[in-house]
1. With every protein chain in place, what's the accessible area of Lys313 (1.4 Å probe, Å², nearest 10)?
2. Under the rule of -39500 (n - 2.57) per DSSP H run of 4 or more residues, summed and divided by the residues of the chain, what mean residue ellipticity at 222 nm is obtained, to the nearest 500 deg cm²/dmol?
3. Beyond 40 Å, what share of the Cα-Cα pairs of the chain remains, rounded to the nearest whole percent?
4. Using Cα atoms only, what is the angle between the long axis of helix 257-282 and the major principal axis of the chain, expressed in degrees (0 to 90) to the nearest 10?
5. Excluding Glu56 itself, what net charge comes from residues whose Cβ is under 10 Å from its Cβ, given Lys and Arg +1 and Asp and Glu -1?
6. Suppose a student asked you for the relative contact order of segment 221-366, using Cα pairs under 8 Å spaced at least 6 residues apart; what percent would you report?
7. May I ask for the net charge around Ser114, where only other residues with Cβ less than 12 Å from the Cβ of Ser114 are counted and Lys, Arg are +1 while Asp, Glu are -1?
8. Let me check I've understood the local charge: for Gly261, count other residues with C-beta under 11 angstrom from its C-beta, Lys and Arg +1, Asp and Glu -1. What total comes out?
Amino acid sequence: MLLKISLEPSQLTTWLDTWLHANLPTWAALAIEFVLIGAALLTLYAVLALILIYAERKITAFFQARLGPNRVGKYGIIQSVADMVKILIKEIIHVNKSDRFLFYTAPFFMIVASMLTFGALPFGQGLHAVDFNIGVFYVIAVSSLGIIGVLLAGWSSNNKYSMIGAMRSGAQFISYELSAGFALMTMVVLSGTMSFSQIIQGQTYLHQWNIIAGHIPAIIAFIIYLISGHAETNRGPFDLPEAESELTAGYHTEYSGLQFGFFYLAEYLNMFIVAGIAATVFLGGWMPIQIEGWESFNKIMCLIPSPIWFLGKAGFLVFLSLWVRWTFPRLRIDQLLNLEWKYLLPINMVNILLMVIMVLLGWTLK
C-alpha cells in the first residue's frame, strides 16, 4: 500500500490557497498567489546560487588540496554573500562601440530563460509552480532561449573575442541540446507522459525509478543527458566559449558589475536546473527511497520531507558535475563537436528506438 508522506509543505500551500479564496475575490486571491510564488522563486533562485558558488569553491579546494574560502565568516560561509554585495555595488563600465540596446538586453535573456526553466522544477510534494501536461517539452523549449542572450552578448560587444566565444557557445549549445532532448524523450517513452508530476508519481518505489525500470537504455539516456547538460552549461571540460587562455572571458568579456553578475548567476543555476531535471526524470524526483514490502523502512524514509529528497538528489548530481569539471582537461572545438555528432547523437537515436521496442514488448518494470 502506498504510504502517505507526512510533514509536507503541500499542507501549508493548500491551506493558504483555501484561505485566500474563502476571504477574497478570485482575481485578488490569484494575484496574491502569483506574487508570492514569484517572490519565493526569486528568493530560492538567489539563495541556491550563493550556496552553489560556495559549494563549488570548497569542493574545488578539496580536489586541489586547498582550503578554499576560510576568512569571511566561519569556514568562509559568508564569502559568497560578500561577493554578491561587491558585484551589486561595482561600477558598470560602458563600452563605447557596443550596440547599447542589444548589449544591455542580452543578460536578461539569460536570466529569463533560466528562471522560466527553474519555475517548472517540482521541488517537493505540493511545491510545483507550473505543472504543464507537456512539462518536458516546455523545459526543452524555454531553456533554449538562453542561447539568444549569449549570441546577442557576443555580437553587441563589438569585440572579436566575445564574438568567437558566442559562436562557439552557439554551436555547442545547439549541438548538445539535441542529445539532451533525445535522452529526455527516451524517458517520456518509458513514462508515457510529459508531465513532471505524473513522471514522479510513476516512480513510487525504488525499482520503479526510471533509471532502474528502463534497464540499460535508461542508464545510457541518463549518462548522455548528464554529458549533454554539462556541455550546455559551458562548464569544463566543455568551457570553450569562456576559455580564459584564448578568449579572456568569452562572450561576457565586456560586461561588468551587475550585468556580469547576471551571466554568473545564470551559469550556476543552469547547473542546478540540469541536475534537478535529471533527478526528476531519472531518480524519482522528490519521492523518498521506498522498497516494496519494507513497510518499517518506508515509514522512516517518509519522515524526511520531500524537498530534502529532491535537493539531496540534485546536490549529488551537482557534485558529479563538479567532479567532472576538475578532473578532465578542456576539449578542442573539433573534439567537442565530434563527440556529439559522431557518437552521442547516433547512440541516442538507437537508444530511443530500443526503448520503444522494450515498452511495446512489456520488458520494463513499469
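The values are calculated or read from the model by the stated rules, or taken from the named source; none is laboratory data. None of these values were measured; they are calculated from a predicted model. We place every Cβ from the backbone using ideal geometry, glycine too, and count neighbours over all the protein chains shown. Areas reflect the complete protein model, heavy atoms only, side chains present, ligands, DNA and RNA absent. Shrake-Rupley method; radii C 1.70, N 1.55, O 1.52, S 1.80 Å.
1. Its accessible surface works out to 20 Å², give or take rounding.
2. On the way: 16 runs with 243 residues, N = 366.
Calculated mean residue ellipticity at 222 nm is -22000 deg cm²/dmol.
3. Numbers: 11147 of 66795 pairs.
When every Cα pair of the chain is considered, 17 percent fall beyond 40 Å.
4. Compared with the principal axis, the helix lies near 30 degrees.
5. That works out to +4.
6. After rounding, I find 29 percent.
7. Around Ser114, the surrounding residues sum to -2.
8. So the environment of Gly261 carries a net charge of 0.
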